[in-house]
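Only one structure is covered here, and it is reproduced in the block below.
The values are calculated or read from the model by the stated rules, or taken from the named source; none is laboratory data. Not measured: the values here are computed from a predicted model. FYI the Cβ positions are ideal-geometry reconstructions off the backbone, even for glycines, and counts take in every protein chain you see.
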Amino acid sequence: MKIGFIGLGNMGGPMARNLAAAGHEVEGFDTASVTVAGVSVRQSATDVATGADVVITMLPNGEILSRVAREVIPAMREGAVLLDCSTVDVETARAVAEDAAAAGLEALDAPVSGGIGGADKGTLTFMVGGQVTAFNTAKPLFDIMGQKAVHCGPAGNGQAAKICNNMILGATMIVTCEAFALADKLGLDRQAMFDVASTSSGQSWSLNTYCPAPGVGPQSPADNDYRPGFAAELMLKDLRLAEAAAEAADADTPLGTAARALYERFVEEEDGKGRDFSAMLPRFASRGRS
Ligand code: NAD
């Protein structure tokens, strides 16, 4: 396939590289000057969109995605697929899909889970909204960049799945960190706490796979002085998207709101910026109730 790839950052760079390594013809564009093995870097988004079978975007946010989509949609050939893998708000994803459909294109919102390591190794999970026909066209590409792709329904449902998942992740990470800090103060050894909770009803991905306590459980950013990993500011971005979606849908999400407020304080007023989202543990450990 001829693929245009826009946004060759921490995630997009390795994803584009894996597509090229699998034999696809990949042209890339990024506003920063970048080089990616096997990818011909061009001068504009329009350049890479012209004649492409699939245009993939991996951009920082919905505002930038809307701008790029307005530029590339008129340049794409009829029937081509616009595949956005960024994490953006549901409304933007649906608006981009509508604009694409009006221009005779197919569109998918396909945000990912698995982080930079997953992008590098080609083991991402894609959660996909949009037409089944477009999903089937993109499936061979998902199989190269990832280990799993789930079709979640019509346009926007991929983003809906992503922000609901990450709302669970943010809230479980916070409560896991709170519980470790409480255990410390109750005189309970962290290893004992892990051994019990990770095999009891307190288990979760945040505890079992990404344990926020250094030296306990599997290797995680906690063992690397809380260098990300998944940065606290990216978690904040996703929790804000979840809250905006909850407001728009009139959904009651009190723990999602509390998690958003806590990560906001951590990133904007405390020392959370640039640290992994599991660095909530030293934050709680150094505080009392007030
Ligand atoms: P990044 O900042 O490393 O990459 C974004 C790239 O887009 C940058 O290279 C930037 O120069 C480029 N860019 C910005 N504006 C552009 C434009 N108008 N035209 C072309 N290129 C432009 O970010 P990332 O970590 O690669 O994340 C990308 C997306 O993936 C985000 O939506 C993020 O939420 C999501 N995501 C990230 C992770 C992660 O662990 N990093 C995990 C899952 C999802």
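With respect to E98, is the statement that it is under 29 Å from W205 (Cα atoms), surrounded by fewer than 19 Cβ atoms within 10 Å (Cβ to Cβ), over 14 Å from the mean Cα position of the chain (by Cα) and not basic (K, R) true? Quick ask: steps written out before the conclusion?
Details: under 29 Å from W205 (Cα atoms): no; surrounded by fewer than 19 Cβ atoms within 10 Å (Cβ to Cβ): yes; over 14 Å from the mean Cα position of the chain (by Cα): yes; not basic (K, R): yes.
No.
What are the pairs, 6+ residues apart or on separate chains, where a residue within region 86-115 that is in contact (Cβ under 8 Å) with a residue 12 or more places away in the chain has its Cβ under 6 Å from a residue that is among the acidic types (D, E) and surrounded by fewer than 24 Cβ atoms within 10 Å (Cβ to Cβ)?
Sorted first by the residue in region 86-115, then by its partner, the pairs are G104/E78.
Quick grid of which residues meet (1) within 16 Å of the ligand (Cβ to nearest atom); (2) surrounded by fewer than 21 Cβ atoms within 10 Å (Cβ to Cβ); (3) of a type in the set (F, W, Y); (4) more than 29 Å from A246 (Cα to Cα):
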{"residue": "V112", "(1), (2), (3), (4)": "yes, no, no, no"}
{"residue": "T133", "(1), (2), (3), (4)": "no, yes, no, yes"}
{"residue": "T137", "(1), (2), (3), (4)": "no, yes, no, yes"}
{"residue": "G153", "(1), (2), (3), (4)": "no, yes, no, no"}
{"residue": "G158", "(1), (2), (3), (4)": "yes, no, no, no"}
{"residue": "M167", "(1), (2), (3), (4)": "yes, no, no, no"}
{"residue": "M173", "(1), (2), (3), (4)": "yes, no, no, no"}
{"residue": "F180", "(1), (2), (3), (4)": "no, no, yes, yes"}
{"residue": "K185", "(1), (2), (3), (4)": "no, yes, no, yes"}
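Counting only residues that are closer than 23 Å to H151 by Cβ, give me the helices (runs of 4 or more DSSP H) lying completely in region 13-117 with at least 1 of them.
Ranges flagged: 62-72, 90-102.
With respect to I163, determine if the residue is in contact with a Pro (Cβ under 9 Å, 6 or more places away or on another chain) and surrounded by 17 or more Cβ atoms within 10 Å (Cβ to Cβ).
yes
Applying the selection to region 230-248, what residues are within 13 Å of the ligand (Cβ to nearest atom) and either farther than 17 Å from V267 by Cβ or free of Cβ contacts under 8 Å to residues at least 40 places away in the same chain (or both)?
Of everything in region 230-248, those that are within 13 Å of the ligand (Cβ to nearest atom) and either farther than 17 Å from V267 by Cβ or free of Cβ contacts under 8 Å to residues at least 40 places away in the same chain (or both) turn out to be L236, R240.
Just name the residue that is surrounded by the fewest Cβ atoms within 10 Å (Cβ to Cβ) out of those in region 249-286 that are more than 19 Å from N166 (Cα to Cα) and in contact (Cβ under 8 Å) with a residue 40 or more places away in the chain.
If we take residues in region 249-286 being more than 19 Å from N166 (Cα to Cα) and in contact (Cβ under 8 Å) with a residue 40 or more places away in the chain, then A285 is surrounded by the fewest Cβ atoms within 10 Å (Cβ to Cβ).
Would you confirm whether any residue within region 217-226 is at pLDDT 95 or above, within 16 Å of the ligand (Cβ to nearest atom), over 16 Å from the mean Cα position of the chain (by Cα) and loosely packed, with under 15 Cβ neighbours inside 10 Å?
Checked against the condition, which is being at pLDDT 95 or above, within 16 Å of the ligand (Cβ to nearest atom), over 16 Å from the mean Cα position of the chain (by Cα) and loosely packed, with under 15 Cβ neighbours inside 10 Å, region 217-226 yields at least one hit.
What's the number of the only condition in (1) away from the ligand (no atom under 11 Å from the Cβ); (2) buried (at least 24 other Cβ atoms within 10 Å of the Cβ); (3) within 21 Å of A21 (Cα to Cα) that A119 fails to meet?
Only one criterion in (1) away from the ligand (no atom under 11 Å from the Cβ); (2) buried (at least 24 other Cβ atoms within 10 Å of the Cβ); (3) within 21 Å of A21 (Cα to Cα) is unmet by A119, namely (1).
Can you pull out every residue in region 7-36 that is under 20 Å from G115 (Cβ atoms), surrounded by fewer than 20 Cβ atoms within 10 Å (Cβ to Cβ) and away from the ligand (no atom under 11 Å from the Cβ)?
Result: A21, single match.
Residue check: is A251 away from the ligand (no atom under 16 Å from the Cβ) and in contact with a strand residue (DSSP E or B) (Cβ under 8 Å, 6 or more places away or on another chain)?
no
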